[in-house]
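Only one structure is covered here, and it is reproduced in the block below.
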Amino acid sequence: MACDGDIATEELDVIKGLSDFQGIDLKPILDGYIRQLKEEGGKYLKNYLDEVRDSSLSEKEECELARIAIKTIEADQSVEYNEVAFFKKIRKRLKVSDERLLEVIPEDSIMPDREDYLMPDISDENDFSLWADSFNNIALENN
């Protein structure tokens, strides 16, 4: 969502549309996350990824996490490399099989090959420099 340096209205709509968040004012929550991103940058992302790795999600929950992440990436009809690279970092921490994940990636995905989401990334697993300057201008002002 913020990995491309922007939070598109469509991406926010995906989150607002989740049943767990309906009726909740997300602005103060997201503003807090944005503040942390700006302060901590790559450390914040690494902590999130560590939480994903250390969690005891069921296969169903892992699939739902992947589905929501991809839906958010594609929400603004623009798929940026850094969004996919971050998804791949998430994917690497999930135990669910690629075959199972392919079942939850929409067939009408705007990625020409849905399998690209599951391919290894060329970047170093611990390199978060791709996002070093991405977070400085993130805001929810228009959302």
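The values are calculated or read from the model by the stated rules, or taken from the named source; none is laboratory data. Quick caveat: nothing in here was measured; it's all calculated off a predicted structure. Positions of Cβ are generated from backbone atoms using ideal geometry, with glycine treated the same way; all protein chains shown enter the neighbour counts.
Here are the numbers:
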item	result
Matching residues, region 37-70, being in contact (Cβ under 8 Å) with a residue 60 or more places away in the chain and assigned to a loop (DSSP other than H, G, I, E, B)	Gly41
Residue selected from region 92-143 under the condition at pLDDT 75 or above and among the hydroxyl-bearing types (Ser, Thr, Tyr), by the criterion surrounded by the most Cβ atoms within 10 Å (Cβ to Cβ)	Tyr117
Near pairs, Cβ below 8 angstrom, 6+ apart or cross-chain, from region 80-98 (under 19 Å from Lys60 (Cα atoms)) to any residue that is crowded, with 19+ Cβ neighbours inside 10 Å and among the charged types (D, E, K, R)	Leu94/Glu62; Lys95/Glu62; Val96/Glu62
Qualifying residue in region 66-89 (condition: over 18 Å from Asp113 (Cα atoms), at pLDDT 90 or above and not basic (Lys, Arg))	no
